[in-house]
1. Can you report the number of residues in region A:57-98 which are part of a helix (DSSP H, G or I), touching a Lys or Arg at 6+ places or on another chain (Cβ under 7 Å) and within 9 Å of chain B (Cβ to nearest Cβ)?
2. List the residue pairs whose Cβ atoms are under 8 Å apart, where the first residue sits in region A:118-129 and is open to solvent by less than 50 Å² (accessible area, probe 1.4 Å), the second is outside any helix (DSSP H, G or I), and the two are 6 or more positions apart or on different chains.
3. Would a scan of region B:70-93 turn up a residue that is closer than 29 Å to B:SER201 by Cα, within 14 Å of another protein chain (Cβ to nearest Cβ) and in contact with a Gly (Cβ under 7 Å, 6 or more places away or on another chain)?
4. One residue is enough: does region B:2-11 have a residue meeting the conditions open to solvent by 20 Å² or more (accessible area, probe 1.4 Å), within 14 Å of chain A (Cβ to nearest Cβ) and modelled with pLDDT under 95?
5. Quickly run through region A:25-46 and pick out the residues that are outside any strand (DSSP E or B) and either closer than 17 Å to A:ASP9 by Cβ or free of Cβ contacts under 8 Å to residues at least 40 places away in the same chain (or both).
6. Could you grab me the full set of residues in region B:45-61 that are open to solvent by 10 Å² or more (accessible area, probe 1.4 Å) and either in a loop (DSSP other than H, G, I, E, B) or at pLDDT 90 or above (or both)?
7. Among A:ARG18, A:ARG78, A:ARG55, A:ARG13, which is charged (D, E, K, R) and within 18 Å of A:LEU143 (Cα to Cα)?
8. Tell me the residue from A:ILE203, A:ILE235 that is surrounded by 18 or more Cβ atoms within 10 Å (Cβ to Cβ), at pLDDT 90 or above and over 25 Å from B:LEU92 (Cα atoms), please.
Amino acid sequence: MDTLLEVQDVTKRYSNGRGVRNVSFDVMKGDIFGFIGPNGAGKTTVLKIILGLIRPDEGNVRIFGHPVAEAFEQAMNRVGCLIETADAYEYMSAYDNLKLSARFYLDLPKTRMDQVLEQVGLAPYKHERVSGYSLGMKQRLGLASALLSNPGLVLLDEPANGLDIEGMADVRNTILRLSKEQGVTFLIASHLMHDLGMIANKIGIMHNGNLIRTGNVDELLQGGNTLEQFVLAQIQEEKDAKQHA
Amino acid sequence: MHSLKANTINEIEKIWHRRKTKVFLLLTLLIPVISTLLLSLLKNKTSIVWGLGGDLPMLMLNLFTFFLLPMMLSVTAVDSFSGEAAARTMKLVLVRPITRAKAFAAKVLALMVYAAIYLAMLWIVSSVSGWAIAGEGLTGGFADSVKAYPAAFLPMAAIGLLSVFIAQCFRNGSGALTTIVFVYAAAKLLPLIWPQVSAWSVFSYSDWHVLWTGSGASAGKLFSSFFFLLAYIIMAYTAGLLLFERKQW
């Protein structure tokens, strides 16, 4: 099985003492990897390090075999992402926003922008300025932007932000369909364990800047626990271990 | 190089979509026309002889390079850097397949393209309105403008790049713009107290194009001024790039 993403011993310390420590994990082709943890656990920091938005103090990241620090363009060529909040140029339309992103990819057909807008349900509003969009519409645009380049690896940070129940189901179905039909690999950071539990085949649990557990969902949940119960138990174990240390 | 080209086009398009860009372009069109009309009126009323047709391009260049053009370039630089940082849109570019060095270069190139467009438009409009409205032929002043306008690009580029550097020291646009205006005003006023300052301030070279008019300055003076401005451009670009490369988003 091909390893699309390798995160090796990544450490980042912020001036406030927080950050992430020695985070290592791999994401294989075809995985839907759920990156789970409470708010402030360090999920977004790890995602930003993967995408080169933050430089780690130590450690390496390789995407499609290319080191992000040395060969950024090659590493990012087949990556799509929605990170932190779905920001866009508010003075432009959704279509124009996507047009800017599309220019980076030489072999992208012109119809691709309409395809992804259709896919996320924004086609009727594509020529409206983003400044008039609701939070949910912006989130859908962020998702369209992440999927625009037909990426092999998609990183999503809290993709359900601002979406209603129908929107959340749409996102889940889109992820499952792309994974099944096109073999797209996903790394999804979220604190919504129930949502992730429905689609992820692997998970990594972040707590207080540490990756405390990774594994296949089927194997980890053999005891009949739900994902939420399992994650909470893992976090409690980690807290107990720290108290005794 | 594809990513550099793609992002340069993107940056040009983003600047074009901002309302203030269109307002400034409109000012660049209107000010020479209105000035010509007013000066023609003054000429008819007072019989003062203006070499209006040929002198207007130089008159407009002096006016624009003293304040309007540096301000517009600074506003554009602030929008492109601290403005995008505040709107959290910078990462939209940085997560695409483009290195930070190229992303920075594209932003600077777009700024320079607009500086060239503003100057070209000003030259065309002031030349045409001087000729069409004032009804005067092409004089020596017009010939000077052919040399002066391209020359004026260099100090504008230096001021633009200095604004890019300052803009990156701030997380919001208003703080950056206030600082740039303060620095610009101080740099223009300080030589009145300490004349020696003007020799080292890039802002004192905003009227560098004047050296290219008439019989012109000596080759040595032009040569040294050219390298002084070039040095400022290289230093401001390098410092700006260093800041851009180190930023965490």
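1. The number of residues fulfilling the criteria is 1.
2. Cβ pairs passing all conditions: A:LYS126/A:SER93.
3. Looking through region B:70-93, at least one residue is closer than 29 Å to B:SER201 by Cα, within 14 Å of another protein chain (Cβ to nearest Cβ) and in contact with a Gly (Cβ under 7 Å, 6 or more places away or on another chain).
4. Scanning region B:2-11 turns up at least one residue that is open to solvent by 20 Å² or more (accessible area, probe 1.4 Å), within 14 Å of chain A (Cβ to nearest Cβ) and modelled with pLDDT under 95.
5. The answer is A:GLY40, A:GLY42, A:THR45, A:VAL46.
6. First pass over region B:45-61, keeping only residues open to solvent by 10 Å² or more (accessible area, probe 1.4 Å): B:45-51, B:55, B:58-59.
Passing the criteria: B:SER47, B:ILE48, B:VAL49, B:TRP50, B:GLY51.
7. Working: A:ARG18 fails: within 18 Å of A:LEU143 (Cα to Cα); A:ARG55 fails: within 18 Å of A:LEU143 (Cα to Cα); A:ARG13 fails: within 18 Å of A:LEU143 (Cα to Cα).
The conditions single out A:ARG78.
8. Details: A:ILE235 fails: at pLDDT 90 or above.
Going through A:ILE203, A:ILE235 in turn, the sole match is A:ILE203.
The values are calculated or read from the model by the stated rules, or taken from the named source; none is laboratory data. It should be emphasised that the depicted structure is a prediction, and the values quoted were computed from it without experimental measurement. Because the Cβ atoms are built from the backbone with ideal geometry, glycine has one as well, and the counts that use them run over all protein chains shown. Ligands, DNA and RNA are stripped out before the accessible areas are found, and what is left, the full protein with its side chains, is counted by its heavy atoms. Shrake-Rupley method; radii C 1.70, N 1.55, O 1.52, S 1.80 Å.
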